[in-house]
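I have placed the structure first, in the form of C-alpha cells, so that the comments after it can refer back to it.
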Amino acid sequence: MDWFRLLTWIWIAIPILIFPLLLKVRAPYGRHTSKSWGPMIDNHWGWFWMEVPALLTFPLLAIFGPEEKDALSWILIALWGIHYVNRVLIFPFRLKTKGKKMPLMIAISAMFFNLINGFVNGYFIGFVEGKSGSVLTIIPILGIILFFVGYTINQLADSKLIALRKEGNGYQIPKGWLFDYISCPNHFGEIIEWIGFALAAWSLPAFSFAVWTFCNLAPRAYNHHSWYLEHFPNYPKNRKIVLPGIW
C-alpha cells in the first residue's frame with residue numbers, strides 16, 4: 001500500500017473513532033460558544049480563515065498537478081469551488097451575529113482539517129488519478145444530482161436560520177419545510193452534498209470527506225437538537241435530529 005493510500009485510510013479511521021466522543025462534547029461555537037476553550041476571535045473571520053485552506057489547497061493541487069484532467073475532473077473542481085466560495089466569501093458575512101465570538105482553538109483545528117481534506121482530495125485528482133472517468137455514466141450523474149440537491153437544501157436552510165436571527169429576537173424555533181421533520185436541515189443538506197461528491201468522484205479521498213462530514217455534522221445536529229429541547233419546552237417532540245424519519 002503506497003503512502004498516499006495509507007494516509008487516506010488513516011484519515012477515514014479518525015472520524016469513525018472520535019464519533020462517540022463528538023456525541024458527548026458540544027463543539028464550543030455558535031449557540032454553544034464557551035470562553036473556557038481559550039482565546040476568542042470574531043466568528044465571521046473565524047469562519048473565513050478556517051475554510052480558506054480548503055478553497056485554496058484542493059484546486060491548486062488538482063489543477064496544477066501533472067495528471068491529465070478530463071471532463072469529470074473539471075466538474076469535481078467546479079463543485080468544490082461552488083461550495084467553498086460560498087463558505088469562505090459569502091456565508092460568514094451573511095451571519096447576523098454581531099459581536100459573536102468563537103474559540104481560536106476551534107478555528108485552528110478546522111483550518112487543519114480543511115488543509116488535510118483539501119490536500120488528499122486535490123492531490124488525488126492532480127497527482128494520482130491515472131485513469132479517465134466518464135461523466136456520462138449513471139454513478140457520476142447521480143452523484144452530481146445529489147450534490148446539487150444537498151447544496152440547495154443547505155442554502156435554503158441556512159437562509160431560513162439567518163432570517164430568524166435577522167428578526168432580532170435571538171434564537172427561535174425554526175418552522176416550516178424540512179424544519180418540521182428534522183432539527184438541522186442545513187447539516188442534512190451538507191451530508192447529502194458530500195455523499196453526492198463522493199459518488200461522482202468515486203475515489204477513496206472523496207469517500208473520506210463524506211465520512212468526515214457525517215461524523216462531524218451528525219453529532220453537531222444532535223447537540224443542536226438537544227439544545228432546542230433544553231431551551232424550548234414547546235419544541236416539537238416528534239421532530240428528528242438530522243435524518244428525516246430515522247434519527
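Below is a table of values for the structure above.
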{"quantity": "Flag for Phe119 being modelled with pLDDT of 95 or more and closer than 22 Å to Leu60 by Cβ", "calculated": "yes"}
{"quantity": "Among the candidates Leu243, Leu199, Leu229, Leu204, residue that is over 18 Å from the mean Cα position of the chain (by Cα) and not β-branched (Val, Ile, Thr)", "calculated": "Leu229"}
{"quantity": "Any chance Phe113 is closer than 26 Å to Val25 by Cβ, surrounded by 17 or more Cβ atoms within 10 Å (Cβ to Cβ) and in contact with a helix residue (DSSP H, G or I) (Cβ under 9 Å, 6 or more places away or on another chain)", "calculated": "yes"}
{"quantity": "Within segment 16-29, considering residues that are out of contact with any strand residue (DSSP E or B) (no Cβ under 6 Å at 6 or more places or on another chain) and surrounded by 18 or more Cβ atoms within 10 Å (Cβ to Cβ), the one modelled with the highest pLDDT", "calculated": "Leu22"}
{"quantity": "Residues being surrounded by fewer than 21 Cβ atoms within 10 Å (Cβ to Cβ) and either closer than 30 Å to Thr57 by Cβ or polar (S, T, N, Q) (or both) - total across segment 225-242", "calculated": "3"}
{"quantity": "Evaluation of Leu136 against (1) assigned to a helix (DSSP H, G or I); (2) surrounded by fewer than 22 Cβ atoms within 10 Å (Cβ to Cβ) (one fails), failing number", "calculated": "(1)"}
{"quantity": "Residue in segment 174-191 that is hydroxyl-bearing (Ser, Thr, Tyr), more than 20 Å from Pro233 (Cβ to Cβ) and surrounded by fewer than 20 Cβ atoms within 10 Å (Cβ to Cβ) present", "calculated": "yes"}
{"quantity": "Odd one out for Ile41, checked against (1) within 19 Å of Ile106 (Cα to Cα); (2) assigned to a helix (DSSP H, G or I)", "calculated": "(2)"}
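Okay, residues lined up against (1) over 16 Å from Glu190 (Cβ atoms); (2) more than 20 Å from the chain's Cα centre (by Cα):
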residue	(1), (2)
Ile41	yes, yes
Trp45	yes, no
Pro53	yes, no
Glu67	yes, yes
Val88	no, no
Phe113	no, no
Phe124	yes, no
Glu129	yes, yes
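The values are calculated or read from the model by the stated rules, or taken from the named source; none is laboratory data. Model, not experiment: these values are computed from the prediction. Ideal geometry is used to build each Cβ from the backbone, glycine not excepted, and the neighbour counts take in all protein chains shown.
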